[in-house]
Structure formats: structure tokens, C-alpha cells
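No lab work stands behind these numbers, since they all come straight from the coordinates. Keep in mind it's a predicted model, so treat the numbers as computed, not measured. Here the Cβ positions follow ideal geometry from the backbone for every residue, glycine too, while neighbour counts run over all protein chains shown.
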Amino acid sequence: MSSTGNPARTVAPSARTVAQGALTLTSDGAAWLASAQSHTHTTVAVRNDRSTTPAVLPCGAAFDVVNAPAIFGRRMLDQLWGEGPGSGPVAVYRGRMLLFATPGTAQRLPVLLKWEEWGSDGGAGRSRAIPPLLCHGRGDAVTIPPAGTTPGDPAPLPTPARWLVAPDTRRPWLPGPEVLLWAAVRAARAARISIFPPADLGAKVYDVSRRR
């Protein structure tokens, strides 16, 4: 199906050239996250007062989130950075990977996954190895990692949330449902043919300078 072709061929050039992503949330990235919540006090909490505490933000306005099991999510991320256009912000929370996506993805991606499963070869094919993906959209909320600390601040308390690719602009590029479908199908295909055990999640480093 055309939806599982290389998304690098269809993503707008401006999306491929945006330099974004870091391990530490920047003030511009925090402002983008805070834009998901209309209340001023939440903006202050995300950016300043509670920089070492995870926050809860609503989905559906600034972003949707695709929530995947950690190992499969890592494989999706490998595909996005290895063969695709890169990823948007990505966080890890309690053993799950949170891939930030364009608003509307939570409604569209499950439909595309179902179509891929039944339309490719009668339900016995590529997406059979895709585990259930939790899609958070309008009406849902997600826990985001703490903003982090600056030199001289007290050491933060241990948290189950951390950034793998943190937003660092006020308008970060976000993958849409077609790109994430492509990554999921490719990740499932790679899992079927791999004979090696998965690498440690914390050992993978994504070179954000390679964004197309």
C-alpha cells in the first residue's frame, strides 16, 4: 500500500530541515508544551515552578500522542531516524514510549492500522506483529517529563518520565498518521526477521543533526 512507502518522499522539505530535539527541554520547547493548556498558571508550572516534576497536559490541540510498548516504540524510532524523516518529540514514561504527533493522529492512525491489516493480505500479514498502540487525542491527557534543571540546582528526584527527543522550538515538526503507520509496519517487519536481542533502550542515541 502507498501509505507504507518511505515517508521521506512525501514530507514537506521544511519539515525535513527543521533542527529540533535534545535531551533537555528548552524554554521554547516548554512554551510549545504549555500552549496545549490555556491556563496561565499551567504555563508557569511547566516552564519554571515545577521544573523537576512531571506535568500532565491535554492532547488534541497542540499535539496527539501515540503510546507504544518500549521495545516496539524503540523499533519505530529506529525506523523514523534510520530510513524516514525523523521524529517529533519523544518521551518515555513507566516503560512506555510516547511519540508526539500531529493533532488528529489519534483518530486516524487506528483506522489506517486496521486497513493495513485487512487490506494487505486478508489479515495475516505485516501489521499482525504490531502490538496495540494507545492513541491519545482530544479529551485525553498525558504525563510529560520534567523540564530539567540548570547548573547549581538541587539534584532532581527520580522520575518515571524522561525525554528521548525533547522539543526545543515553539513550532516543532510532528509526524502524521501516515508516517507513523509506515514506521509501525517497518518496525513489525524488522522484528520478525531480527535474530538479535533488543538493545538497551537507554543506550540508543539519536543524532538530531541528521534531520532531513
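What to note about this one:
- A straight chain from A61 to R170 at 0.36 nm per residue would run longer than the Cα-Cα distance by 37.8 nm.
- Extending 7 Å from the Cα toward the beta-carbon at both E83 and V111 defines two label points whose distance is 2.6 nm.
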